[in-house]
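The block underneath contains the structure these notes are about, expressed in structure tokens.
The values are calculated or read from the model by the stated rules, or taken from the named source; none is laboratory data. Not measured: the values here are computed from a predicted model. Please note: Cβ atoms are built from the backbone with ideal geometry, for glycine as well, and neighbour counts cover all protein chains shown.
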Amino acid sequence: MDSIQNSIAELSEHFNARMAEFQRNLQNSIPATSPTSNITAQFNSFRSFVLTALDGLQQQVDILTRKYEEIEMRSRRKILLLHGIPETKNEKVCSVAIKTLNDHLKLSDISVDTVKRCHRLGQFNADKPRAILIKFTDLALRKKIWFAKTALKNSGVTMSEFLTKERHNIFLAARQRFGVTKCWTKDGQIVVLGSDGSHHRIFKMADLNAVSSSSGVAAASTSGASFPSTSQSQKDGKVINQTRSKRVIKK
């Protein structure tokens, strides 16, 4: 899907550049009083038609991309990732993962029989242990383990959902903009806590940008990146008032 979206974007950019060049040449070569001057109007109509077609195509690709993401995440709904578990040579990954979960979560119903698949992700790295992917046989057990993940706090081990590459990138961007405590995932969906306390479900980067725009300076105070700084905000009295109001109601 990424390659299709990039192709459409490149095609649109190339078309706009060529049409702009052609329009300049057309205006310079045909006098306004010429009988053929209506070619300019015909050209503008054609350009509008093509741009509309490209926009419609882009919308269709966006819909297909979202459906693909939903299907892919549905296939991963029984999977969890464990990070920070030391990696040893000739280890029995499944046994190591189950022991870690049992030791920290204190759940008695986790065993080898409840795991359908378990392995490390990626290439071996001596400096950093690879994440362990665990696919459970039962969705209810997977959810039970996920909601018990707070017991892993201060253990050096963390747990995450197995997001697609697109959602993973959006999730990282959300945490950078709003902070770790205001972004999380649930059943493969990204949730962002807005400055007004409302929950926003994020499916694409445009959704995240919309939350950023509506949050304004409040989002900037969390991340400190890609938003106006405090010194810049002081040039606008209204922005300063918004910032102060958020500080007053901050819990």
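Quick look at the values:
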| item | result |
| --- | --- |
| Single residue of Asn241, Asn169 found to be part of a helix (DSSP H, G or I), modelled with pLDDT under 90 and either exposed (fewer than 15 other Cβ atoms within 10 Å of the Cβ) or not assigned by TED's automatic domain parsing to the domain that holds Lys135 (or both) | Asn241 |
| Where a residue in the stretch 1-16 is within 18 Å of Lys67 (Cα to Cα) and its partner, wherever it lies, is polar (S, T, N, Q) and at pLDDT 70 or above, with Cβ under 8 Å and at least six apart | Met1/Thr65; Gln5/Gln58; Gln5/Thr65 |
| Options Ala97, Ala174, Ala151; residue that is assigned to a helix (DSSP H, G or I), within 23 Å of Arg66 (Cα to Cα) and of a type outside the set (Asp, Glu) | Ala174 |
| Filter result for Ile110 (closer than 14 Å to Leu80 by Cβ, among the aliphatic types (A, V, I, L, M) and in a helix (DSSP H, G or I)) | no |
| Check on Thr65, farther than 30 Å from Phe15 by Cβ and either touching a residue at least 40 places away in the same chain (Cβ under 8 Å) or assigned to a helix (DSSP H, G or I) (or both) | no |
| Residue under evaluation Arg120, criteria (1) without any contact (Cβ under 8 Å) to a residue 60 or more places away in the chain; (2) out of contact with any strand residue (DSSP E or B) (no Cβ under 7 Å at 6 or more places or on another chain); (3) more than 18 Å from Ile145 (Cβ to Cβ); (4) surrounded by 13 or more Cβ atoms within 10 Å (Cβ to Cβ), criterion not met | (2) |
